[in-house]
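Before any comments, here is the structure.
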Amino acid sequence: MVITELVDYIAYELFQAEAEGKEVDKFTELYPELDLGLAYEIQKRLVELKVEKHQTRRSGYKLGLTSKAKQEMMGVHEPTYGVLLEDMQLMEGQEVSIAPFIHAKIEPEIAFIFNKEVSGPSINTADILDATAYIAPAMEVIDSRYRNFNFTLADVVADNSSSSRYIMSEKLYRLEDIDLRLMGMVFKKNSQIESTSTGAAVMGHPARAIAWMANELSRSGQSIKPGDVVLSGALAGAVEIHAGDHFSVQFDGIGSLDISFKE
Ligand code: OOG
Ligand code: MG
């Protein structure tokens, strides 16, 4: 298969897997030529397909695998990014059906809302903080299209970094005097503590992870735009979602967020 055909083929397979709620086997086994560069091309094609078929548009980006906990959980050593779309956003207070998911998990995140464009390749943590209008408690529902959540870095990048849904609190907070590295987090499932963490779990500083992404995006001429939401990556491991589950994330200084799931 020539490369353009491979990009289209894998993007379509991933699109269909999500649409039908069916798992696929990782592609790197069959196609050893699938490297990280090609994986981001597949991701771009997959996002184009979703925008076209779901009549939606880009709302921002997400970082993936930014914490040691997540890198170890998935057996990789580098972060990734993916694209968030408007139709992925869940609203506070809504009970979410797990029916469309394959084997979804949920994880605690910090959302950044930008009011300036951020264009790499030489963005640093301070540039990210300067361009951030607000932050908010968030959670991401990830749902790998791969069998048993089993993938290599290139596979997961092609699959838009397992993105599925996201939710952030309607109350937004100004960064001002918050030290994101030391901002404590408690993540609960059905009122029991699942994990605790601080912002520093995300590559030392969540804004550093976003700076890394802004610089990576510039390689393909992309940038963070005013109005974009960016999820800076899970602060702790993802937890499986079952019908009837209730999750909450609580942050020092920026409040909390809740979500419930049903059949
Ligand atoms: C990849 C996505 C990870 C995060 O915040 O670390 C991610 C995966 O674990 O399936 O979104
Ligand atoms: Mg995430």
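The values are calculated or read from the model by the stated rules, or taken from the named source; none is laboratory data. All values derive from a computational prediction rather than experimental measurement. All Cβ positions, glycine included, derive from the backbone under ideal geometry; neighbour counts span all protein chains shown.
Residues in the stretch 60-75 that are small (Gly, Ala, Ser), within 15 Å of ligand 2 (Cβ to nearest atom) and either surrounded by fewer than 18 Cβ atoms within 10 Å (Cβ to Cβ) or part of a helix (DSSP H, G or I) (or both): Ala69 only. Among the residues of the stretch 23-51, the ones that are touching a helix residue (DSSP H, G or I) at 6+ places or on another chain (Cβ under 8 Å), surrounded by fewer than 20 Cβ atoms within 10 Å (Cβ to Cβ) and more than 21 Å from Arg219 (Cα to Cα) come to 6 in all. The strands (runs of 3 or more DSSP E) located wholly in the stretch 214-263 that include 1 or more residues which are more than 16 Å from ligand 2 (Cβ to nearest atom) and at pLDDT 95 or above occupy 246-251, 255-262. Given the structure, is Ser59 of a type in the set (S, T, N, Q) and more than 10 Å from ligand 1 (Cβ to nearest atom)? Yes, satisfied.
Do you know which of the residues in the stretch 105-132 that are of a type in the set (Gly, Ala, Ser) and farther than 15 Å from Ser59 by Cα is farthest from ligand 2 (Cβ to nearest atom)? My answer is Ser122. Counting residues in the stretch 173-186 that are of a type in the set (Asp, Glu) and assigned to a strand (DSSP E or B) gives zero. The residue pairs whose first member lies in the stretch 100-116 and is touching a residue at least 12 places away in the same chain (Cβ under 8 Å) and in a strand (DSSP E or B), whose second member is near ligand 1 (Cβ under 10 Å from one of its atoms) and among the polar types (S, T, N, Q), and whose beta carbons are closer than 6 Å, counting only pairs six or more residues apart or on different chains, are Ile110/Ser232. When residues in the stretch 135-164 are screened for being assigned to a strand (DSSP E or B) and within 11 Å of ligand 2 (Cβ to nearest atom), 7 of them pass.
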